[in-house]
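The values are calculated or read from the model by the stated rules, or taken from the named source; none is laboratory data. Just so you know, these numbers come straight off a predicted model, no measurement behind them. When we count neighbours, we look across all protein chains shown, and the Cβ atoms used for this are built from the backbone with ideal geometry, even at glycine. Note: accessible area is taken over every heavy atom of the protein model, side chains too, but ligands, DNA and RNA are not part of it. Shrake-Rupley method; radii C 1.70, N 1.55, O 1.52, S 1.80 Å.
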Amino acid sequence: MAATMQVDIVSAEAEIFSGEATMVIASAELGEVGIAPGHTPLITRIRPGEIRVQQPDDGEEIDVYVSGGILEVQPYVVTVLADTALRADDIDEAAAQKAKDEAEAALAGKSGEINFADVQRQLAEASAQLQLVKKLRR
Amino acid sequence: MASGKEIRTQIKSIQNTQKITKAMEMVAASKMRKAQDRMAANRPYATRMKSVVGHIASANIEYLHPYLKDRDSVKRVGFIVVSTDRGLCGGLNTNAFKAAVSAMKEWQDQGAEIDLCTIGRKANGFFSRIGANIVGQVDGLGDAPELAKLVGTIKIMLDAYDEGRLDRLYLVENEFVNTMTQTPRVQQLIPAEPDVDEKLGHHWDYIYEPDSKTVVDHVMTRYIESLVYQAVVENVACEMSARMLAMKNASDNAGDFISELQTKYNKARQAAITQEISEIVGGAAAV
């Protein structure tokens with residue numbers, strides 16, 4: 001049996017996932033990270049995107065979408081404190097597409113009162129959600 | 001002795017009041033269940049957050065966050081007081097305010113000044129009446145409070161601490177013990193007192209991405225926010241169960257009152273009948 005670690009994904013509203021895993025993949029602030037059991041302690045902010053949890057014994061892979069949060073790694077415990085986490089299946093693709101279009105339109109329009117950082121963040125969130133939905137379709 | 005008609009109107013009016021209190025009791029009972037679920041749903045996040053902060057505090061950290069440092073001289077103390085928007089919930093708010101005021105008095109005796117942030121209409125009303133220095137307030141959170149609405153209030157206090165205008169920060173709220181009991185609690189937010197994980201020891205440190213300051217700042221802000229949010233959610237559960245209890249007592253009281261009046265009414269009626277009969281008998285005898 002492969003080594004495993006405890007993974008907890010929680011958001012302020014609910015506990016999303018709690019269980020054993022052989023690998024956790026998340027998009028951290030400086031790029032994608034893959035955490036295997038026995039990883040050295042790490043703490044980082046995470047960007048909007050999916051978190052993939054590979055379960056042991058050929059278990060299925062779990063996809064969770066988060067719109068930001070904190071990832072903490074202890075050698076055999078991984079904690080994700082998500083700002084908002086949804087099961088990937090829950091994401092409404094139409095809503096994500098709409099938000100992306102709006103954000104892009106706002107970027108193109110360049111009206112004076114737009115908060116650029118805000119728009120870019122929205123855009124990043126929407127494209128991450130879209131990517132995840134497209135991947136699930138396949 | 002009051003006439004039969006008077007007593008009847010009195011009974012009617014008490015019955016109407018009882019109808020209202022009964023309805024409020026049932027509404028509060030159903031809302032309480034939801035509020036308790038919400039409180040339970042938020043708990044895993046709060047406990048994980050607590051343990052992460054405990055890890056940070058025990059790590060051999062290169063950057064010690066100001067929220068973890070105790071300041072030597074305390075000149076100004078901040079309080080965040082959580083209350084309900086509406087009344088009719090027994091002594092819930094009053095008890096919390098009493099706890100808050102006595103904690104404030106302790107600091108005032110030591111020469112510190114007090115700044116206040118109020119959450120909920122009742123706290124704002126009470127503390128502005130006694131002339132406290134309210135620097136921020138938020139109300140109308142409803143039964144399902146959103147973190148987004150609280151962030152502004154919390155930020156006022158955290159900014160004040162960052163700029164050195166505050167040296168300590170407390171949170172006052174009601175702790176939900178069970179449906180029958182809610183106790184006021186004064187909790188110290190800053191300096192934070194994390195539960196240090198002794199097993200880990202002090203000879204390790206994290207890898208930080210991108211750097212320790214950014215990450216720890218972010219975590220600490222989220223930590224404080226999660227504590228306040230938890231308090232607000234808990235306070236809603238307290239409010240609902242306190243209201244349910246208060247309304248149950250009121251309905252019971254009304255029931256007692258009605259049965260008392262009913263006896264009185266029956267006696268008055270009986271007396272009137274007896275009098276009438278004796279008058280008739282007396283009249284017949286005279287003829």
message: Placing unit charges on C-beta atoms (Lys and Arg positive, Asp and Glu negative, everything else neutral), compute the dipole magnitude of the protein assembly as shown about its Cα centre in debye, rounded to 20.
response: 2120
- request: Calculate how many DSSP beta bridges within the protein assembly as shown are antiparallel, expressed in % of all such bridges and rounded to the nearest 5.
  value: 65
message: About the Cα centre, and with charges only on the beta carbon of Lys, Arg (+1) and Asp, Glu (-1), how big is the dipole of the range A:5-87? Nearest 20 debye, please.
response: 300
- prompt: How far apart, in nm, are two points set 7 Å out from the Cα along the Cα-to-Cβ line at B:S259 and at B:E113?
  reply: 5.9
Selected from B:P44, B:Q275, A:I43, residue furthest toward positive end of dipole (the protein assembly as shown; charges at beta carbon): B:Q275
task: Within 10 Å, count the other beta carbons around each residue, average over each peptide in A:33-43, B:75-85, and list them highest first.
output: B:75-85, A:33-43
field: Sites matching GluC sites (Glu not before Pro) across the range B:1-107 that sit in DSSP coil, with at most 16 neighbouring C-beta atoms within 10 Å
entry: B:E62
- line: Once the dipole of the range B:154-287 is set up from charges on Cβ (+1 Lys and Arg, -1 Asp and Glu), the residue from the list B:T214, B:Y161, B:M244 lying farthest towards its positive end is B:M244
Extension gain from B:K267 to B:M26, taking 0.36 nm per residue of separation minus the Cα-Cα distance: 83.3 nm
Exceeding the 21 Å Cα-Cα cut-off - candidates B:K122/B:K149; B:K12/B:K248; B:K31/B:K155: B:K31/B:K155
query: Which aspartates and glutamates does B:K22 reach when only Cα atoms under 15 Å apart count, and residues fewer than 8 places away in its own chain are ignored?
result: B:D252, B:D256
query: Carbon and sulfur together cover what percent of the accessible area of the protein assembly as shown at a 1.4 Å probe radius?
result: 52
field: Principal axis box of the range B:140-216, alpha-carbon based, largest edge first, Å
entry: 46, 32, 26
- request: Please report how far the C-alpha centroid of the range B:15-56 lies from that of the range B:139-193, rounded to the nearest whole angstrom.
  value: 16
message: Across the protein assembly as shown, what fraction of all alpha-carbon pairs, as a whole percent, falls in each successive 20 Å bin from zero upward?
response: 21, 43, 23, 8, 4, 1
message: If I model a spin label as a point 7 Å beyond the Cα along the Cα-Cβ vector, how far apart are those points for B:K98 and B:L64 in nm?
response: 3.9
Shielding of B:30-37 by partner chains, average beta-carbon count, 10 Å: 0
query: Of all DSSP beta bridges located in chain B, what percent are antiparallel, nearest 5?
result: 35
query: From the backbone phi of the range B:242-251, what are the Karplus-calculated ³J(HN,Hα) couplings (6.51 cos²θ - 1.76 cosθ + 1.60, θ = phi - 60°) in whole Hz, Gly and Pro given as x?
result: 5, 5, 4, 5, 4, 6, 5, 4, 5, 5
- line: Distance in Å, no decimals, from the C-alpha centre of the range B:207-236 to the one of the range B:71-128 is 23
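Work out the mean other chain Cβ neighbour count within 10 Å for the residues of A:27-40 and drop it here as an integer.
1
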- prompt: According to the Cα gyration tensor, what semi-axes, each the square root of 5 times an eigenvalue, does the equivalent ellipsoid of chain B have, listed from largest to smallest in whole Å?
  reply: 58, 20, 14
Tail fraction, Cα-Cα pairs, the range B:237-287, threshold 14 Å, whole percent: 71
Karplus-derived 3J(HN,Hα), 6.51/-1.76/1.60, for each residue of the range B:51-59, Hz, glycine and proline x: 6, 5, 5, x, 4, 4, 5, 8, 5
- request: At a Cα cut-off below 18 Å, give the aspartates and glutamates reachable from A:K100, other chains included and same-chain residues fewer than 8 away excluded.
  value: A:E50, A:D90, A:D92, A:D118, A:E125
query: How far is it, in nm, from the label point at A:A14 to the one at B:N249 when both lie 7 Å from their Cα along the line to the Cβ?
result: 3.7
- prompt: Straight-line reach from B:K105: which lysines have a Cα under 19 Å away, not including same-chain ones fewer than 8 places off?
  reply: B:K75
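Within 10 Å of each Cβ in A:6-13, how many Cβ atoms from other chains are there, averaged over the peptide?
5
Where only protein heavy atoms count, and the probe is 1.4 Å, what is the accessible area per residue for the protein assembly as shown in Å²?
51
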statement: The farthest towards the positive end of the charge dipole of the protein assembly as shown, of the residues B:S226, B:V53, B:S3, given +1 on Cβ of Lys and Arg and -1 on Cβ of Asp and Glu, is B:S3
